[in-house]
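The values are calculated or read from the model by the stated rules, or taken from the named source; none is laboratory data. From a predicted model like this one, the values you see are computed outputs, not experimental measurements. Glycine also receives a Cβ, built like all others from the backbone with ideal geometry; neighbour counts cover every protein chain displayed.
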Amino acid sequence: MLKLNFVGKRGAVSTVETTAGTTVLQAAIDHHIDGLLGECGGACQCATCHVYVDGSWISRLPAADEGEIAMLDCTVMPSQPASRLGCQVVMSAELDGLLVRVAERQV
Amino acid sequence: MTVPGVVIAGGGLAGFQLASSLRDMGYARRISLICEESVPPYHRPPLSKAFLMGPMDPAKLQMRGESHYAEKGIEVLCQRRVVAVDRTNCIAGLDDDSKLEYSHFVFATGARNRPLPVPGHDFGGVFFLRSLDEALRLKARLAGVRRVVVLGAGFIGLEFAAAARKLGADVTAIDVADRPMARALSVPMSQVFAREHARNGVHQRFNTQVLRILEENGEAAGVELMSGETIAADLVLIGIGVQPNIEVAAACGLEVGNGIVVDAQLATADPRVSAIGDCAAHPSIHSLGHMTRLESVQNATDQAKCVAARIVGKPYDYAAVPWFWSDQGDLKLQIAGLTTGMDQTVIRDDPAAPACTVFCYREGRLLGIETLNRPADHMAARKILAQRIALTPEQAADAHLELKQLVAAAPVHA
């Protein structure tokens, strides 16, 4: 099992256990983490699963592809270098302990 | 006696989103979500894509876990249908003879597969693809299949064709139309997709009508065309479209046409009854007010939100810019806007990539933009249409004018 940490409103941290191959969005849904909507079902079409990846982790994630980059232009909360879409970040052993902050608003 | 709340007929995306949005917007009364299928709401798009390609736990398709509904106080009734609506007394009748009072009733009944108008759909090896049940049976059969025939070169047919091709099958897609996705795409984009699918080894037969499905020992063995020619197959997928589930609405006296007729705020003539998603026909501002029925994730989601807002007392006209996607193997199609009635197209094609952008106009006005493998153009297109940013055919033809720059340079209105 891999650990994935979500920083929610007011800075509260929720740590969930998930498996390799599960996306950050799916892990959030599985564990009832508030704030990631994933309205399009994880197809990288709606930008409602916006997270800010914690600084130390940003460079350790596989790079976003063209589709995700295009969607990151359309998030409701401002997109930053640390921004990723939860549906596109896939958990792996290398990302055990990943820390992400849920964007304040998705719609 | 509790005050009646909202009864939602249909546990697809529209019904799920309506229930969720109502709670998000603070609606505190009872919400009943009536689902025909045996499982709570799930995402359909993966059924014709990733779900077919490898191991995927069907539980991962669920929109939310079952405890979510209990937490939110959303009553989900599976394997149930609303069979009648008594609009005089505001009572919905279910197929188990139970009754549900409502203060607001919403049809989110979606659509069902259009049946094949020729014999043979009962044979083993013949499939439709809309539900999880159908996808599971199809997936089980797909392993080891060598020759696939797809009837209907629309979105589902071609998504399946591309998946089957990736799995190593010999694939033929057949359509009565003269090009793929003829209902929804411009001629140039259809031609690009025909070219790319051909490149990937998918055989395509247009202007072709099927006489019957052939069988051997009760299993599909191929198809016979009107010409007499036969094409062998061990699996036949039928993807010739869907028809909206409007029967209960019609029976309770509501106007139906190509869908349950609603107004700009998605209400029927009965202010306590609305319709959303694949089953609803609304007057779209993106189609000069013509009655429009859209089959898309975007429409289901945004129409649900619109009705939720009206129910909690914050009505607005439904005006969201339509958008759509279809992943056919490595070909990612996206569409922004409603392009029906286009009379002019401007094309930016890069066959080597492959990538393509088609701008669709009517009387000089931009209706929409179709893209192949150009997500940045698609997202710019959504903004161009939403903000009504001017984009003339001349500008569209200028390949050096990046759509993203056009959006960035547009004046922002307060």
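Scanning the stretch B:75-120 for residues that are within 28 Å of B:Leu294 (Cβ to Cβ), modelled with pLDDT under 95 and loosely packed, with under 14 Cβ neighbours inside 10 Å yields a total of 2.
Determine, yes or no, whether A:Gly86 is in contact with a strand residue (DSSP E or B) (Cβ under 6 Å, 6 or more places away or on another chain), on the phi > 0 side of the Ramachandran plot and more than 9 Å from chain B (Cβ to nearest Cβ). Answer is no for this residue.
Against the condition surrounded by fewer than 20 Cβ atoms within 10 Å (Cβ to Cβ) and out of contact with any Cys (no Cβ under 7 Å at 6 or more places or on another chain), how does B:Leu225 come out, does it pass?
Numbers: surrounded by fewer than 20 Cβ atoms within 10 Å (Cβ to Cβ): yes; out of contact with any Cys (no Cβ under 7 Å at 6 or more places or on another chain): yes.
Considered against the rule, which asks whether it is surrounded by fewer than 20 Cβ atoms within 10 Å (Cβ to Cβ) and out of contact with any Cys (no Cβ under 7 Å at 6 or more places or on another chain), B:Leu225 comes out as yes.
If only residues of the stretch B:230-260 that are in contact with a Pro (Cβ under 9 Å, 6 or more places away or on another chain) and aliphatic (A, V, I, L, M) are counted, the one that is nearest to B:Leu138 (Cα to Cα) is B:Ile238. For the stretch B:154-180, what are the residues that are touching a Ser or Thr at 6+ places or on another chain (Cβ under 6 Å) and under 23 Å from B:Tyr361 (Cα atoms)? The answer is B:Phe155, B:Arg179, B:Pro180. In the stretch B:345-382, which residues are among the acidic types (Asp, Glu), out of contact with any Cys (no Cβ under 8 Å at 6 or more places or on another chain) and over 16 Å from B:Leu401 (Cβ atoms)? Result: B:Glu363, single match.
Restricting attention to the stretch B:226-270, the residues being in a strand (DSSP E or B) and small (Gly, Ala, Ser) number 4.
Of the strands (runs of 3 or more DSSP E) entirely within the stretch B:62-127, those holding at least 3 residues that are in contact (Cβ under 8 Å) with a residue 40 or more places away in the chain occupy B:74-77, B:82-86, B:99-107, B:111-113. Taken together, B:Ala396, B:Ala409 contain a single residue that is away from chain A (no Cβ under 13 Å), modelled with pLDDT under 95 and more than 21 Å from B:Ala320 (Cβ to Cβ), which is B:Ala409. Against the test of being modelled with pLDDT of 95 or more and surrounded by fewer than 24 Cβ atoms within 10 Å (Cβ to Cβ), the options B:Ala184, B:Ala233, B:Ala173, B:Ala249 yield a single qualifying residue, B:Ala184. Restricting the stretch B:359-388 to residues that are closer than 24 Å to B:Tyr318 by Cα and touching a Gly at 6+ places or on another chain (Cβ under 6 Å), the residue that is nearest to the other protein chains (Cβ to nearest Cβ) is B:Leu385.
Count of the stretch B:366-392 residues, restricted to those that are within 22 Å of B:Pro354 (Cβ to Cβ) and assigned to a strand (DSSP E or B), is 5. Taking A:Glu68 as the residue in question, decide whether it is modelled with pLDDT of 95 or more, away from chain B (no Cβ under 14 Å) and surrounded by fewer than 22 Cβ atoms within 10 Å (Cβ to Cβ). No; evaluated as a whole, the condition is false for this residue.
Assess whether B:Ala399 counts as being in contact with a strand residue (DSSP E or B) (Cβ under 7 Å, 6 or more places away or on another chain) and either of a type in the set (S, T, N, Q) or more than 16 Å from B:Gly337 (Cβ to Cβ) (or both). Against the criterion (in contact with a strand residue (DSSP E or B) (Cβ under 7 Å, 6 or more places away or on another chain) and either of a type in the set (S, T, N, Q) or more than 16 Å from B:Gly337 (Cβ to Cβ) (or both)), B:Ala399 qualifies.
Residue-wise test of (1) polar (S, T, N, Q); (2) closer than 22 Å to A:Ala93 by Cβ; (3) at the interface with chain B (Cβ under 9 Å from one of its Cβ atoms).
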{"residue": "A:Ala27", "(1), (2), (3)": "no, yes, no"}
{"residue": "A:Gly42", "(1), (2), (3)": "no, yes, yes"}
{"residue": "A:Cys46", "(1), (2), (3)": "no, no, yes"}
{"residue": "A:Pro62", "(1), (2), (3)": "no, yes, no"}
{"residue": "A:Pro78", "(1), (2), (3)": "no, no, no"}
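Across the stretch B:40-55, the number of residues qualifying as within 11 Å of chain A (Cβ to nearest Cβ) and assigned to a helix (DSSP H, G or I) comes to 4. Among residues that are closer than 19 Å to B:Asp24 by Cα, more than 14 Å from chain A (Cβ to nearest Cβ) and not aromatic (Phe, Trp, Tyr), B:Val76 is included.
Would it be correct to say that A:Val53 is touching a residue at least 60 places away in the same chain (Cβ under 8 Å), more than 12 Å from chain B (Cβ to nearest Cβ), among the β-branched types (Val, Ile, Thr) and touching a Lys or Arg at 6+ places or on another chain (Cβ under 6 Å)? The answer is no for A:Val53.
For the stretch B:1-39, give me the residue count where each residue is of a type outside the set (A, V, I, L, M, F, W, C), more than 13 Å from every other protein chain (Cβ to nearest Cβ) and assigned to a loop (DSSP other than H, G, I, E, B). Steps first, answer last, please.
So in the stretch B:1-39, the residues of a type outside the set (A, V, I, L, M, F, W, C) come out as B:2, B:4-5, B:10-12, B:15, B:17, B:20-21, B:23-24, B:26-27, B:29-30, B:32, B:36-38.
When the remaining residues are screened for being more than 13 Å from every other protein chain (Cβ to nearest Cβ), the result is B:2, B:4-5, B:10-11, B:15, B:26-27, B:29-30, B:32, B:36-38.
So of that shortlist, the ones also assigned to a loop (DSSP other than H, G, I, E, B) come out as B:2, B:4, B:10-11, B:26-27, B:29-30, B:36-38.
Qualifying residue count for the region: 11.
All told, A:Gly35 meets the bar of being within 14 Å of another protein chain (Cβ to nearest Cβ), closer than 28 Å to B:Gly12 by Cα and out of contact with any Cys (no Cβ under 6 Å at 6 or more places or on another chain).
Name every residue in the stretch B:314-358 that is within 14 Å of chain A (Cβ to nearest Cβ) and under 17 Å from B:Gly289 (Cβ atoms), in order of residue number.
Taking the stretch B:314-358 as the starting set, the residues that turn out to be within 14 Å of chain A (Cβ to nearest Cβ) are B:320-328, B:330-336, B:350, B:353-355, B:357.
Across the stretch B:314-358, the qualifying residues are B:Ala320, B:Val321, B:Pro322.
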